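One structure is given here, and the rest of the page talks about it.
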Amino acid sequence: METDPLPVLSTIFWNIQVHPFTSGIASSIVGIIVLLACSALISGSEVAYFSLSPEEKHKIASGSAKRNHYILKNLESPEQLLATILVANNFANVGMVILSSFTVNSLIDFPKDSVLGFIIQVIVISYIILLFGEITPKVYTTNHALKFAKFIALPLYYLIHLLKPINKVLIYSTSFLNSKIYAYNQHISVDQLSQALELTSKSELKEEQKILKGIVKFGNKSVAEIMRSRVDVISADIDYDFNKVLALISESGFSRIPVYSGSFDNIKGILYIKDLLPHAHKAASFRWQSIIRPPFYVPETKKIDNLLEDFQKNKVHMAIVVDEYGGSSGIVTLEDVLEEIVGEITDEFDEVENFFTKISENKYLFDGKTMLDDFCRVTGLEETVFDGAKGEADTLAGLILELKGEIPVQNDTIKYKNYVFTIEAVDNRRIKQIKVEIIT
């Protein structure tokens with residue numbers, strides 16, 4: 001014989017006792033409706049005030065209506081405004097729950113352990129509060145923010161003053177918790193910032209995204225990664241006569257030139273061209289060595305964010321980079337540091353330096369001194385693609401030396417993963433040009 005579930009349901013409903021409708025119940029229902037309306041107005045005011053655009057705020061500030069004055073007063077302290085909205089909304093919702101429970105219990109007597117009582121008192125009441133007290137007013141005010149802000153301005157202004165004592169306690173508690181949380185979470189990792197940039201829409205940032213990426217990577221780069229190698233530095237021997245120095249300055253076009261004695265490892269100072277200008281008319285016998293300034297040294301391992309601080313503190317724009325043995329590796333300038341953030345900086349005197357030529361779709365011809373970061377940027381590769389093979393190398397020529405293990409000869413071919421490197425030009429000490437083919 002099959003079991004019939006209907007007697008169970010009928011038992012539940014038949015055991016419900018409905019009490020007479022009294023004036024107390026009627027007052028309770030009126031109270032619920034009033035609190036629901038208050039909750040809807042307060043919820044709508046949260047969206048209305050915090051979604052006002054700058055144009056709408058300017059329109060309010062330039063208007064002469066009295067309600068505009070109250071809107072501006074409400075917006076003076078966003079913390080007070082938000083605290084008032086949250087406190088008032090919670091009071092209204094709690095009041096509705098209490099009155100709803102009282103009304104249902106006064107009107108209906110549910111049987112013990114009844115599921116129907118739970119559904120009506122919890123699920124149905126919660127649904128009504130969320131639909132009419134939260135969701136509906138917020139959806140409406142999203143499209144009518146300014147209109148609703150003006151409508152609620154005066155009541156909200158007085159409500160802020162009424163709940164000010166409670167708000168102060170809430171704001172203080174929030175500030176205290178924020179300070180404690182910040183103490184443990186004040187450092188954001190580079191990986192977190194990089195992930196945030198990847199999630200950001202490119203259409204929103206455009207060129208600004210490049211600057212943000214430069215800032216993210218800024219603190220992780222060392223001087224060795226951005227310096228100009230000693231073999232590429234234009235410098236002057238301290239024994240040069242005045243005319244030879246003037247010719248060197250005219251040919252190079254630089255505003256600061258390192259001065260060495262014997263070799264670049266023995267730097268005596270930096271010659272500032274502006275210091276030389278007042279003496280430009282003097283004879284070849286002029287002792288230009290007397291106006292050179294003392295050099296500023298930095299190690300290869302120094303991070304460029306710390307270098308920027310040193311440049312600012314010491315009021316210099318150029319530093320001599322030294323290796324672990326005390327030898328001079330090259331130079332680094334303030335412009336080199338800033339270019340890591342904003343990209344290449346050029347002026348009217350800079351010549352366009354083409355460090356690569358695109359031969360075909362997947363073939364390129366690069367200078368050996370091309371930085372690996374620039375190589376990856378041009379070819380569209382990930383900057384980590386050579387991490388397992390480059391060792392301490394920062395340039396394309398350095399990568400070839402790491403892969404080959406010795407100085408290659410012309411036409412040598414080195415293969416790594418799906419990249420083929422062909423040596424196009426080389427001398428006894430340097431790899432000058434490399435042809436790169438990317439096999440897809």
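Taking the listed residues A319, A397, the one that is farther than 18 Å from K221 by Cβ, among the hydrophobic types (A, V, I, L, M, F, W, C) and either modelled with pLDDT of 85 or more or not in a loop (DSSP other than H, G, I, E, B) (or both) is A397, with no other qualifying.
Screening H281 on (1) surrounded by fewer than 15 Cβ atoms within 10 Å (Cβ to Cβ); (2) not in a loop (DSSP other than H, G, I, E, B) shows it passes everything except condition (2). If you go through region 381-431, how many residues are more than 30 Å from the chain's Cα centre (by Cα), among the charged types (D, E, K, R) and under 23 Å from E300 (Cα atoms)? So the answer is 3. Checked against (1) assigned to a helix (DSSP H, G or I); (2) surrounded by 12 or more Cβ atoms within 10 Å (Cβ to Cβ), R377 meets all criteria but (2).
Taking residues in region 51-74 that are within 19 Å of T141 (Cβ to Cβ) and at pLDDT 80 or above, and partners anywhere that are surrounded by 11 or more Cβ atoms within 10 Å (Cβ to Cβ) and not aliphatic (A, V, I, L, M), the pairs with Cβ atoms closer than 6 Å and at least 6 places apart or on different chains are I60/N68; R67/K150; Y70/Y157; N74/Y157. With respect to A61, is the statement that it is surrounded by fewer than 17 Cβ atoms within 10 Å (Cβ to Cβ), farther than 28 Å from G133 by Cβ and in contact with a Leu (Cβ under 7 Å, 6 or more places away or on another chain) true? Yes; evaluated as a whole, the condition is true for this residue. Taking the condition in a loop (DSSP other than H, G, I, E, B), surrounded by fewer than 19 Cβ atoms within 10 Å (Cβ to Cβ) and out of contact with any Lys or Arg (no Cβ under 7 Å at 6 or more places or on another chain), does S290 pass? Considered against the rule, which asks whether it is in a loop (DSSP other than H, G, I, E, B), surrounded by fewer than 19 Cβ atoms within 10 Å (Cβ to Cβ) and out of contact with any Lys or Arg (no Cβ under 7 Å at 6 or more places or on another chain), S290 comes out as no.
Pairs meeting the criteria (first residue in region 318-331 and free of Cβ contacts under 8 Å to residues at least 12 places away in the same chain and surrounded by fewer than 22 Cβ atoms within 10 Å (Cβ to Cβ), second residue of a type in the set (S, T, N, Q) and not in a loop (DSSP other than H, G, I, E, B), beta carbons under 6 Å, at least 6 apart or on different chains) are lacking. The set of residues from region 380-424 being of a type in the set (A, V, I, L, M) and surrounded by 15 or more Cβ atoms within 10 Å (Cβ to Cβ) comprises V385, A393, L396, A397, L399, I400, L401, L403, I407, I414, V420, I423. Y140 - would you say it is surrounded by fewer than 18 Cβ atoms within 10 Å (Cβ to Cβ) and over 36 Å from the mean Cα position of the chain (by Cα)? So Y140 fails the test. Screening the candidates K244, K268 for the property of being farther than 29 Å from D374 by Cα, at pLDDT 90 or above and in a strand (DSSP E or B) yields one hit, K268.
The values are calculated or read from the model by the stated rules, or taken from the named source; none is laboratory data. No experiment lies behind these values; they were computed from the predicted model shown. So basically every Cβ, Gly included, is an ideal-geometry build from the backbone, and we count neighbours across all protein chains shown.
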